[in-house]
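*Asks:* The structure under discussion is supplied below as structure tokens; questions concerning it will follow.
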Amino acid sequence: MGDQKGVSIFDFGKTGNKFWQPCDKSVLDTQSFLVEQEFLTAGKLMVKPIFIVLGLEYIYKVTVDSLKCAPLATMHLSIIDPGADHIVQLNSDEQQFGFKLTYQTKSLDIFLSDKLLYDQWKQHFKRFCLLENFHDAFLVSKLIGKGSFAKVYLATRKENNQQYAIKAFSKSFMQQQHKGIESLLNEMQVMRRLNHQNVVKLHEVHETANSVYFVVDIVSGGELLQRVRETGFLPAETLQKLAYNLLSALNHLHQYQIAHRDLKPENLLLRSIENNHDIILADFGLAAKLTDENILFKRCGTPGFVAPEILEYVEGQQFYDEKCDVFSAGVILYLLITGGQPFNGKDQKAILKANKDCQIDFEDSLFKSAPIQMQDLIRSMLQKKPSYRLSSSECLRHPYFKELVKQSQIQQDKYQNNLQDYNQQFKNNVRQGSIDISLEQRQPAFTGNLNSIESISCVSNGSFAKLEMKAPSVVGASKFSQYSSRLNRLGSRDISDIPTTQLQKTESKKHIDLHRIAIQNSHRKQIIDQFEDQPVYQENSEVSDMVRLYNSTRQIRIPENLSQFSQSNKQASTPTNKNS
């Protein structure tokens with residue numbers, strides 16, 4: 001973090017007077033994800049309950065008559081040790097697990113006694129907030145990649161020995177770039193919204209004094225284009241699966257109204273060496289949330305792959321849409337079929353002109369040798385006018401993928417049949433008395449739409465903790481009014497509405513017991529004085545041969561004279577310094 005505790009580079013120098021800010025009560029009705037919980041917090045002279053609702057971008061404090069919020073993106077999260085001498089912990093009859101949330105130097109401490117609920121909320125907070133414990137949580141082993149704006153390291157999470165890729169940004173270097181911090185914040189916010197098997201997953205973001213670290217999955221297969229160079233042209237079946245996975249990833253972005261805007265072969269990685277179609281879409285440095293009023297770098301991308309409407313965009317005109325990604329994906333597929341780019345030139349200016357004119361040789365002999373339906377799909381993707389171009393969802397419904405989707409549907413139908421057979425067998429066992437308890441009908445662990453395949457992938461399903469949100473109690477009522485009504489009932493001691501553990505906590509002693517605090521503090525100090533702080537071992541990074549695992553080149557918006565940046569680029573962050 002910065003020199004002052006709680007200061008983030010993403011606060012842009014601002015400090016707040018209060019943690020919470022008032023917000024419109026109707027904002028809750030626009031949220032697609034909300035999780036609620038009653039916590040304990042410290043008031044001026046007592047421990048009191050606080051009703052918290054978590055969204056994707058904001059955390060909300062709900063009272064009977066008001067709604068307040070604070071943004072999650074630039075909020076710092078730290079864990080309060082269960083053995084700490086916090087006023088809430090000292091005045092509770094149960095062990096309390098706490099979070100410290102800090103936004104623009106103002107903090108909120110909240111506690112739960114239910115360890116399972118605490119762990120679930122911890123996972124949510126870690127996903128949406130900035131963390132501070134990178135060097136305590138990870139052991140960095142070597143440098144594995146380098147781009148124009150970041151370095152990529154291999155690191156191991158100490159608690160479970162699981163390996164991750166760490167995309168490290170130097171804060172000082174990013175501050176020297178035009179809108180560098182804004183761009184980094186935008187990339188972080190975009191990636192946090194995405195969760196698809198063909199999109200690189202952002203697990204955590206850590207901020208230290210000198211660096212910002214993105215914790216992402218390791219993608220061990222390398223760049224797609226490098227694999228093609230090694231293996232030669234891809235078989236028709238592989239191309240079909242690859243194209244479907246690419247368009248499936250884009251469709252996921254576009255459902256959130258996010259455009260990648262920098263699709264090129266370098267940003268398509270292969271998950272492993274096992275096949276050539278299980279791709280991962282990476283590098284969201286130029287991605288844009290199309291609903292934002294102030295989109296960064298409106299004319300950006302990579303020459304030869306960028307959509308014509310981006311090159312033709314003039315400030316004040318209607319902004320282009322997510323179909324710009326479909327065009328770039330079409331260029332990549334054309335390249336994979338023919339081995340050459342559709343837009344050529346002796347220099348960048350000539351390539352950009354050909355790119356803008358959009359004259360494509362669809363009579364190329366290699367292109368004509370591709371399956372007819374694939375040719376038709378790519379032609380539809382490479383239409384110069386966006387209105388004539390297919391959307392990503394329309395591409396997925398193209399006849400080219402009909403057989404592929406049919407095969408996947410057969411597998412899904414088989415899964416559903418097996419699941420129904422299992423449920424029937426399970427109910428029969430209950431009737432026969434093989435289980436001595438009464439159970440409701442079990443629900444499948446996967447609750448998504450099994451009738452629509454999203455990708456052709458080799459990834460096994462993972463489990464995740466799910467926080468349940470109660471169904472609305474009043475049909476047609478706003479979410480705030482439902483929460484307010486619930487809080488009213490809590491205030492009137494409606495026991496049926498208060499969980500037993502929460503009732504115990506709210507009924508426990510709330511006022512500060514100064515004598516109890518003094519005794520406990522004295523006892524804890526005697527124990528602490530017996531130990532000295534141990535130095536933290538920090539292993540030096542072993543720098544290996546650099547590979548272009550993550551290529552963040554912003555070719556259009558980088559000045560032609562790059563030499564002035566060469567010295568600055570040497571300052572790119574290295575997560576091996578405990579103070580970084």
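The values are calculated or read from the model by the stated rules, or taken from the named source; none is laboratory data. Treat the numbers as computed from the prediction; the structure is a model and nothing was measured. Cβ placement follows ideal geometry from the backbone for every residue including glycine, while neighbour counts extend to all protein chains displayed.
*Asks:* So, Ser107, is that one farther than 22 Å from Gly13 by Cβ and either β-branched (Val, Ile, Thr) or touching a residue at least 60 places away in the same chain (Cβ under 8 Å) (or both) or not?
*Replies:* Details: farther than 22 Å from Gly13 by Cβ: no; either β-branched (Val, Ile, Thr) or touching a residue at least 60 places away in the same chain (Cβ under 8 Å) (or both): yes.
No; evaluated as a whole, the condition is false for this residue.
*Asks:* Against the conditions (1) over 15 Å from Phe33 (Cβ atoms); (2) in contact with an Asp or Glu (Cβ under 9 Å, 6 or more places away or on another chain); (3) buried (at least 19 other Cβ atoms within 10 Å of the Cβ), where does Val47 fall short? Just the number, please.
*Replies:* (2)
*Asks:* Shifting gears a bit: So in the range 75-94, with the set limited to residues that are of a type outside the set (Asp, Glu) and within 19 Å of Lys126 (Cβ to Cβ), which one is surrounded by the fewest Cβ atoms within 10 Å (Cβ to Cβ)? Lay out the reasoning, then the answer.
*Replies:* Step one: of the range 75-94, the residues of a type outside the set (Asp, Glu) are 75-80, 82-84, 86-92.
Then drop every residue that is not within 19 Å of Lys126 (Cβ to Cβ), which leaves 75-80, 82.
Details: Met75: 24, His76: 24, Leu77: 19, Ser78: 18, Ile79: 17, Ile80: 17, Pro82: 15.
Residue satisfying both the conditions and the ranking: Pro82.
*Asks:* Every residue in the range 359-374 that is free of Cβ contacts under 8 Å to residues at least 60 places away in the same chain, in a helix (DSSP H, G or I) and crowded, with 17+ Cβ neighbours inside 10 Å, please. Outline the logic, then answer.
*Replies:* Initially, the range 359-374 is screened for residues free of Cβ contacts under 8 Å to residues at least 60 places away in the same chain, giving 359-369, 372-373.
Going one step further and asking which of them are in a helix (DSSP H, G or I), we end up with 365-368, 372-373.
If the condition is that a residue be free of Cβ contacts under 8 Å to residues at least 60 places away in the same chain, in a helix (DSSP H, G or I) and crowded, with 17+ Cβ neighbours inside 10 Å, then Phe367 is the only one that fits.
*Asks:* (1) in contact (Cβ under 8 Å) with a residue 60 or more places away in the chain; (2) surrounded by fewer than 13 Cβ atoms within 10 Å (Cβ to Cβ): which one isn't true of Gln348, the others all being true?
*Replies:* (2)
*Asks:* Within the range 247-265, how many residues turn out to be assigned to a helix (DSSP H, G or I) and modelled with pLDDT of 95 or more?
*Replies:* Going through the range 247-265, the residues assigned to a helix (DSSP H, G or I) turn out to be 247-255, 265.
Going one step further and asking which of them are modelled with pLDDT of 95 or more, we end up with 247-255.
Within the range 247-265, residues that are assigned to a helix (DSSP H, G or I) and modelled with pLDDT of 95 or more number 9.
*Asks:* Return the residues of the range 357-380 that are over 16 Å from Thr338 (Cα atoms) and touching a Leu at 6+ places or on another chain (Cβ under 8 Å); say none if nothing qualifies.
*Replies:* Hits for the range 357-380 are Cys358, Ser380.
*Asks:* If you take the residues of the range 95-107 that are modelled with pLDDT under 95 and either outside the structural domain of Ala73 (by TED's automatic domain parsing) or closer than 21 Å to Gly55 by Cα (or both), which of them is surrounded by the most Cβ atoms within 10 Å (Cβ to Cβ)?
*Replies:* Tyr103
*Asks:* Quick check on Gln163: is it modelled with pLDDT of 95 or more and surrounded by fewer than 19 Cβ atoms within 10 Å (Cβ to Cβ)? So that I can check it myself, show each step before the final result.
*Replies:* Values: modelled with pLDDT of 95 or more: yes; surrounded by fewer than 19 Cβ atoms within 10 Å (Cβ to Cβ): yes.
When the stated conditions are applied, Gln163 passes them.
*Asks:* Now a separate question. So Ser26 ticks every box in (1) outside any loop (DSSP other than H, G, I, E, B); (2) over 25 Å from the mean Cα position of the chain (by Cα); (3) closer than 23 Å to Thr105 by Cα but one. Which box is left unticked?
*Replies:* (3)
*Asks:* I've got another one for you. Look at Phe173 and say whether it is of a type in the set (Phe, Trp, Tyr) and part of a loop (DSSP other than H, G, I, E, B).
*Replies:* Numbers: of a type in the set (Phe, Trp, Tyr): yes; part of a loop (DSSP other than H, G, I, E, B): no.
Against the criterion (of a type in the set (Phe, Trp, Tyr) and part of a loop (DSSP other than H, G, I, E, B)), Phe173 does not qualify.
*Asks:* Let me ask another. Specify the residue that is nearest to Leu184 (Cα to Cα); the eligible residues are those in the range 141-157 that are among the hydrophobic types (A, V, I, L, M, F, W, C) and assigned to a strand (DSSP E or B). I'd like the intermediate steps shown before the answer.
*Replies:* To start, the set of residues in the range 141-157 that are among the hydrophobic types (A, V, I, L, M, F, W, C) comprises 143-144, 149-150, 152, 154-155.
With assigned to a strand (DSSP E or B) added as a condition, the list becomes 143-144, 152, 154-155.
Details: Leu143: 21, Ile144: 21, Val152: 15, Leu154: 21, Ala155: 21 Å.
The selected residue is Val152.
*Asks:* So, Val314, is that one of a type outside the set (Phe, Trp, Tyr), modelled with pLDDT of 95 or more, in the same structural domain as Lys353 (by TED's automatic domain parsing) and assigned to a loop (DSSP other than H, G, I, E, B) or not?
*Replies:* Working: of a type outside the set (Phe, Trp, Tyr): yes; modelled with pLDDT of 95 or more: no; in the same structural domain as Lys353 (by TED's automatic domain parsing): yes; assigned to a loop (DSSP other than H, G, I, E, B): yes.
So Val314 does not fit the description; no.
*Asks:* Return yes when Leu224 is crowded, with 22+ Cβ neighbours inside 10 Å and over 24 Å from Thr291 (Cα atoms) and no when it is not.
*Replies:* Values: crowded, with 22+ Cβ neighbours inside 10 Å: yes; over 24 Å from Thr291 (Cα atoms): yes.
It is true that Leu224 is crowded, with 22+ Cβ neighbours inside 10 Å and over 24 Å from Thr291 (Cα atoms).
*Asks:* For the range 325-358, which positions are of a type outside the set (Ser, Thr, Tyr), within 21 Å of Leu239 (Cα to Cα) and part of a helix (DSSP H, G or I)?
*Replies:* Asp325, Val326, Phe327, Ala329, Gly330, Val331, Ile332, Leu333, Leu335, Leu336, Ile337
*Asks:* Of the conditions (1) part of a helix (DSSP H, G or I); (2) hydroxyl-bearing (Ser, Thr, Tyr); (3) within 21 Å of the chain's Cα centre (by Cα), Tyr244 satisfies every one except a single condition; which number is it?
*Replies:* With (1) part of a helix (DSSP H, G or I); (2) hydroxyl-bearing (Ser, Thr, Tyr); (3) within 21 Å of the chain's Cα centre (by Cα) applied to Tyr244, the lone miss is (3).
*Asks:* Next up: Within the range 380-392, identify whether any single residue is assigned by TED's automatic domain parsing to the domain that holds Tyr313, under 21 Å from Leu225 (Cα atoms) and not in a helix (DSSP H, G or I), and answer yes or no. Talk me through it step by step, then tell me what you get.
*Replies:* The first filter runs over the range 380-392 and keeps only residues assigned by TED's automatic domain parsing to the domain that holds Tyr313, leaving 380-392.
Subsequent filtering for residues that are under 21 Å from Leu225 (Cα atoms) retains 381-382.
Add one more test, that the residue is not in a helix (DSSP H, G or I), and what stays is 382.
Within the range 380-392 (the criterion being assigned by TED's automatic domain parsing to the domain that holds Tyr313, under 21 Å from Leu225 (Cα atoms) and not in a helix (DSSP H, G or I)), the answer is yes, since at least one residue qualifies.
*Asks:* Let me ask another. Might you check whether a residue that is of a type in the set (Ser, Thr, Tyr) and touching a Pro at 6+ places or on another chain (Cβ under 8 Å) occurs anywhere in the range 357-378? Can you show your working first?
*Replies:* Start the filter on the range 357-378 by keeping residues that are of a type in the set (Ser, Thr, Tyr), which leaves 365, 369.
Add one more test, that the residue is touching a Pro at 6+ places or on another chain (Cβ under 8 Å), and what stays is none.
Scanning the range 357-378, I find no residue that is of a type in the set (Ser, Thr, Tyr) and touching a Pro at 6+ places or on another chain (Cβ under 8 Å), so the answer is no.
*Asks:* Any chance the range 200-209 includes a residue that's modelled with pLDDT of 95 or more, assigned to a loop (DSSP other than H, G, I, E, B) and either closer than 21 Å to Gly301 by Cβ or more than 22 Å from the chain's Cα centre (by Cα) (or both)?
*Replies:* Yes, the conditions are met somewhere in the range 200-209.
*Asks:* Right, next: Please state which of the following conditions Gly55 fails to meet, knowing it meets all the rest: (1) out of contact with any Cys (no Cβ under 6 Å at 6 or more places or on another chain); (2) more than 15 Å from Leu101 (Cβ to Cβ); (3) not aromatic (Phe, Trp, Tyr).
*Replies:* (2)
*Asks:* Another question about this same structure. How many residues are at pLDDT 95 or above and hydrophobic (A, V, I, L, M, F, W, C) if we restrict to the range 210-219?
*Replies:* Here the count works out to 4.
*Asks:* Failed condition for Val219, given (1) farther than 28 Å from Leu130 by Cβ; (2) among the β-branched types (Val, Ile, Thr); (3) in a loop (DSSP other than H, G, I, E, B), with all others met?
*Replies:* (1)
*Asks:* Let me ask you something else. So if I check each of Phe149, Phe128, Phe138, which one is at pLDDT 95 or above and either out of contact with any Ser or Thr (no Cβ under 8 Å at 6 or more places or on another chain) or among the aromatic types (Phe, Trp, Tyr) (or both)?
*Replies:* Values: Phe149 fails: at pLDDT 95 or above; Phe128 fails: at pLDDT 95 or above.
Every option except Phe138 fails the conditions.
*Asks:* Hey, does the range 26-42 have a residue that's outside the structural domain of Tyr256 (by TED's automatic domain parsing), over 27 Å from Gln95 (Cα atoms) and buried (at least 18 other Cβ atoms within 10 Å of the Cβ)?
*Replies:* Checked the range 26-42: at least one residue is outside the structural domain of Tyr256 (by TED's automatic domain parsing), over 27 Å from Gln95 (Cα atoms) and buried (at least 18 other Cβ atoms within 10 Å of the Cβ).
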